[in-house]
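Data first, discussion second: the structure below is written as structure tokens.
The values are calculated or read from the model by the stated rules, or taken from the named source; none is laboratory data. Small disclaimer: the values here were computed from a predicted structure and weren't measured. Using ideal geometry, Cβ is built from the backbone for each residue, glycine included, and neighbour counts are taken over all protein chains shown.
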Amino acid sequence: MGEFAPPRTLGFFAQSATGHRMIALSGDDPAGSVVLRHELGHHLLFLAIPRQPRWFAEGVACYLETTRYDRSRGQWVVGELDQRRLEFSARNPVSHWDAVLKMGPQYMSGNPGRAWAFETHSWLLFHYLANTHPAETEAFLGRLQARMDPVAAFAQSYPGMSEQRIGEGVHAYLNGGKYLQRFFSVAEPEVKIAVRHLSSAETHALRARLLASKMMPGWLRPARKEVALALAADPGEPEALAVDFEITERPLADHIERARTAVRLHPYDARAALLLAERLPSGGERHLAIERALELSQEDPDALRLGAFDSLAGGRFPEGLDRARRAQRLAATDPRALDVLAAALAANGRCAEASQVEQRALEVLPDGTPETTVRQLQERAREMAGGSLCVRPVVEEAGGPETTKHPR
């Protein structure tokens, strides 16, 4: 893990060329299952609530670390105490809770102990609020799910919850509070684990992908080295090419030729077809590459997203909307999937829905999104709201059939 992330990092998320999220865990850590629960908690919570304050995201993920299945009861146990975090909180009381509530991504940089302290303080705050103010916490969750601004959602859900009141309440909670457990009668899932050996090219490509997560300073040079080793073993390795396209500036024509090599060497790998489709200009070859990707992976959200745009460009509006809806169902919080769904709704005359979906795409943009991308989505959302990007249903005459004007 030390090659890919700062010291004492036990796990992190990365994203593959197909958009699937991967969890990297330290093989030397005996608490690997705890880290897995923490990271899965982040992933599942984000699917339900894309816009979260940092303290809430970390507090809930830490809260879920102690989740376990009690086979004697046939129930899941949630909310058990983490003794380490409890003792740390008692030894290191928070003097400024506003700093915890307002913390941004900067807690991830610098001293690893600082990040763990912030996570622990967030865990304690969520534990306190969930157990002593359950109705207010339920209301807070509902407002976050409704995409309300987190600061406003907190103020409306916990009226009068000042920094002083939080401090006093947490202090009392630590010194004799009731630490509730919650029990859920949900069947234990059947887990199937698939294990396969990776080729040398795949191994180097995967290492390049983890380095390209940018968890470590100086990541670029070793990432490029891993890409070079992968492509030396397999010039068409799709994951290695995807990383290379992201981290090395090359002419578009070079990207296209390399992607064609991937398709030639990996004709049954949807990732190769997608690499090519994403870079080709509009035309017959791009259409065929998209259809090939969909044939090889019918439930791939990126293939469906590109397929939706291809359908819209070809004037096949109902097909485009169907593909866009499927892409968004599979990647519910991906801003690109939401963007194509908004475009498909607009092309099918669903103006109000299109504007709302485009606004949601803006809300789930990840930290660090280029400002140009943000402005493009903002402009599209405004144009959809104003109707200039939207095809409006038009009634020909009273009592006559409804027809829809489509852009030519």
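Brief remarks on what is shown
- Every test in (1) in contact with a strand residue (DSSP E or B) (Cβ under 7 Å, 6 or more places away or on another chain); (2) surrounded by fewer than 16 Cβ atoms within 10 Å (Cβ to Cβ); (3) more than 16 Å from H127 (Cα to Cα); (4) not hydroxyl-bearing (S, T, Y) is passed by N92 save one, and that test is (1).
- Among residues of the stretch 364-379 that are surrounded by 10 or more Cβ atoms within 10 Å (Cβ to Cβ), those with a beta-carbon under 8 Å from a residue that is modelled with pLDDT under 75 at least six positions away or on a different chain give the pairs V364/P50.
For (1) surrounded by fewer than 18 Cβ atoms within 10 Å (Cβ to Cβ); (2) out of contact with any helix residue (DSSP H, G or I) (no Cβ under 6 Å at 6 or more places or on another chain); (3) under 30 Å from E353 (Cβ atoms), each residue gets a yes or a no:
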site: P217; (1), (2), (3): yes, yes, no
site: E237; (1), (2), (3): no, no, no
site: A240; (1), (2), (3): no, no, no
site: R250; (1), (2), (3): yes, yes, no
site: A253; (1), (2), (3): yes, yes, no
site: D310; (1), (2), (3): no, no, yes
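- Pick from the stretch 184-202, criterion of a type outside the set (A, V, I, L, M, F, W, C) and in contact (Cβ under 8 Å) with a residue 12 or more places away in the chain, ranking: nearest to E237 (Cα to Cα): E202
- With respect to the conditions (1) touching an Asp or Glu at 6+ places or on another chain (Cβ under 9 Å); (2) surrounded by 11 or more Cβ atoms within 10 Å (Cβ to Cβ); (3) farther than 30 Å from A5 by Cα, E119 falls short on a single one, namely (3).
- Cβ-Cβ under 8 Å pairs, at least 6 apart or on other chains, the stretch 47-64 side touching a residue at least 12 places away in the same chain (Cβ under 8 Å) and more than 21 Å from A361 (Cβ to Cβ), far side surrounded by fewer than 18 Cβ atoms within 10 Å (Cβ to Cβ) and of a type in the set (V, I, T): Y63/V78; L64/V78
- In summary, helices (runs of 4 or more DSSP H) completely within the stretch 97-191 and bearing 1 or more residues that are acidic (D, E) and under 30 Å from D70 (Cβ atoms) occur at 112-132, 134-145.
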